[in-house]
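The values are calculated or read from the model by the stated rules, or taken from the named source; none is laboratory data. Keep in mind it's a predicted model, so treat the numbers as computed, not measured. Cβ sites come from the backbone with ideal geometry, for glycine too, and all protein chains shown count toward neighbours.
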Amino acid sequence: MSYIPNYIKLYETKELHKRRDLLYEKLSSCDLCPKGCKINRHEKLGVCRIGDKIKVSEFVLYKGEEPPLVGETGAGGVFFSNCSMKCVYCQNFNFSQKGFGKEFSVIELAEKFIWLQNEKHVQNIDLVTATPYLPFIIDALIVAIEKGLNIPLVWNTSSYETVETLKFLDGIIDIYLADIRYTTQYAANLYSKTPDYWDFAQTAIKEMYKQTQGEYIFENNIMKRGLIIRILVLPNNIDEAKYALKFISKIDKNILVSLMDQYVPVYKAKEYPEINRFLKKSEYDKVIDTMIELDLDGWIQEHKLLEGGYCE
């Protein structure tokens with residue numbers, strides 16, 4: 001029997017509708033993200049630079065995610081504009097920091113979900129940096145279900161989330177694709193202006209694990225349900241990556257980990273000499289060693305020679 005997303009059941013019981021209504025109420029004093037700015041987003045922009053409109057940079061058949069999320073056809077990437085974090089090295093800075101994108105109605109967003117499923121034949125709907133848009137996403141999901149949406153939803157997140165907001169996603173999201181960016185207040189504040197990042201990320205990841213119950217469901221090698229934790233290894237920052245791996249291992253050694261080496265010094269990285277270079281192979285290898293020592297499973301990358309070299 002093919003996998004049926006749980007959000008179908010929540011639609012049938014009207015639970016989705018209840019959550020949508022509660023989430024819309026939050027827009028008048030927004031606390032959807034850890035910034036908790038309490039701004040009335042119907043009147044002005046929140047700290048995330050988002051008001052009460054949906055803004056998306058692109059809808060794309062995306063093959064840049066982990067293998068079981070893309071298969072042969074790809075994930076259905078929905079790249080939302082703006083972000084609650086201010087990462088100085090963000091590769092998506094044109095839309096995450098500068099706000100490039102186009103406005104869409106709830107109906108149009110739902111139609112894009114269906115287009116990705118029916119026309120592009122994607123494996124899932126991959127919602128990237130979507131937290132401030134959550135009320136509209138649930139609203140669009142209801143419309144899309146009525147039009148036949150039946151593929152898994154991926155919550156592609158920095159993990160800078162509140163448990164309260166994640167609870168609204170319980171039973172709606174099939175796959176959590178969660179980053180661990182930092183494990184110290186210093187680095188989180190310096191590079192992303194979020195000194196409380198690690199405090200929130202720890203509780204968020206534990207909540208995501210609780211919701212997925214440590215369960216993984218695959219069909220023909222394609223993930224339908226589960227939790228993947230990503231760690232982007234930064235130059236001169238391998239101790240934090242190692243600490244993140246140890247944190248994961250204490251929760252459950254069966255959690256799948258994606259250890260990423262594709263850091264590129266873009267956007268404002270040039271203002272920070274210690275990260276204004278590519279990752280060294282020797283740095284990445286040391287983090288791989290820790291992952292192996294902890295007996296964690298997942299994905300590592302073949303460290304390729306990038307433009308400018310390894311900076312050895």
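What the table below lists for this structure:
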item	result
Ile173 vs. criteria of a type in the set (Val, Ile, Thr) and more than 28 Å from Lys35 (Cα to Cα)	no
Every residue from the stretch 46-95 that is within 16 Å of the chain's Cα centre (by Cα) and hydroxyl-bearing (Ser, Thr, Tyr)	Ser57, Tyr62, Ser81, Ser84
Near pairs, Cβ below 6 angstrom, 6+ apart or cross-chain, from the stretch 63-92 (more than 19 Å from Pro34 (Cβ to Cβ) and free of Cβ contacts under 8 Å to residues at least 40 places away in the same chain) to any residue that is of a type in the set (Gly, Ala, Ser) and surrounded by 18 or more Cβ atoms within 10 Å (Cβ to Cβ)	Lys63/Gly74; Ser81/Ser57; Ser81/Gly101
Candidates Ile145, Ile137 - the one that is surrounded by fewer than 23 Cβ atoms within 10 Å (Cβ to Cβ), assigned to a helix (DSSP H, G or I) and of a type in the set (Val, Ile, Thr)	Ile145
Residue in the stretch 158-178 that is hydrophobic (A, V, I, L, M, F, W, C), buried (at least 18 other Cβ atoms within 10 Å of the Cβ) and more than 25 Å from Glu12 (Cβ to Cβ) present	yes
Condition broken by Val264, with the remaining ones in (1) over 20 Å from Asn92 (Cβ atoms); (2) out of contact with any Cys (no Cβ under 9 Å at 6 or more places or on another chain) satisfied	(1)
Test: residue in the stretch 182-201 that is in contact with an Asp or Glu (Cβ under 9 Å, 6 or more places away or on another chain), surrounded by 18 or more Cβ atoms within 10 Å (Cβ to Cβ) and not hydrophobic (A, V, I, L, M, F, W, C)	yes
Residues of the stretch 106-134 that turn out to be out of contact with any strand residue (DSSP E or B) (no Cβ under 7 Å at 6 or more places or on another chain), among the small types (Gly, Ala, Ser) and either surrounded by fewer than 21 Cβ atoms within 10 Å (Cβ to Cβ) or in a loop (DSSP other than H, G, I, E, B) (or both), as a count	0
Selected residue [farther than 21 Å from Gln262 by Cβ and at pLDDT below 95] from Phe100, Phe95, Phe59, Phe104	Phe100
The stretch 33-61 residues that are farther than 21 Å from Phe93 by Cβ and free of Cβ contacts under 8 Å to residues at least 24 places away in the same chain, paired with ones that are surrounded by fewer than 16 Cβ atoms within 10 Å (Cβ to Cβ) and of a type outside the set (Val, Ile, Thr) (beta carbon under 7 Å, 6 or more apart)	Lys38/Ser29; Lys38/Asp31; Asn40/Ser28; Asn40/Ser29; His42/Ser28
Residue in the stretch 71-91 that is at pLDDT 95 or above, buried (at least 20 other Cβ atoms within 10 Å of the Cβ) and among the charged types (D, E, K, R) present	no
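Matching residues to (1) in contact (Cβ under 8 Å) with a residue 40 or more places away in the chain; (2) β-branched (Val, Ile, Thr); (3) under 17 Å from Lys35 (Cβ atoms):
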{"site": "Tyr197", "(1), (2), (3)": "yes, no, yes"}
{"site": "Met208", "(1), (2), (3)": "yes, no, no"}
{"site": "Gln211", "(1), (2), (3)": "yes, no, no"}
{"site": "Ile229", "(1), (2), (3)": "yes, yes, no"}
